[in-house]
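Engineer: Starting off with a structure, shown below.
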Amino acid sequence: MGTTIAQQPRKKRAVVSKTEPEPQMPTQTAGLSAARARQVLEALSAFRNGDFSVRLPTGWDDIDGQIAAAFNHITAQEARIASEVARLSATVGREGRLKHRMSLPGSVGGWAD
């Protein structure tokens, strides 16, 4: 006769020690990240208010640098869109040439639609 589940010896679970302190970031690095976060917030606020010329520093490293690069790309793309809308508005609205279409070379995804 085989053993039942109740008779089988229990396996011990791995115990995670809760006595080890959480790793702390050095104060200097934490302050730098807060300063960068403020710069990102200021840039986002300017962008939200229609300033498409705002850019974040290009010398940041790690994830901060990737965020800055993505933000700078987005603002540059929006500046191109605004310029193209102004051109199209002048062409269609003022000159009456209705066959003109918006064109954004190099656009991808939803930007290209």
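Engineer: The conditions are (1) part of a loop (DSSP other than H, G, I, E, B); (2) at pLDDT below 90, and Gly93 fails exactly one of them. Which is it?
Structural biologist: (1)
Engineer: Let me ask another. Condition test on Asp51, is it at pLDDT 70 or above, on the phi > 0 side of the Ramachandran plot and acidic (Asp, Glu)?
Structural biologist: The answer is no for Asp51.
The values are calculated or read from the model by the stated rules, or taken from the named source; none is laboratory data. All figures in this text were calculated on a predicted structure; none of them were measured in a lab.
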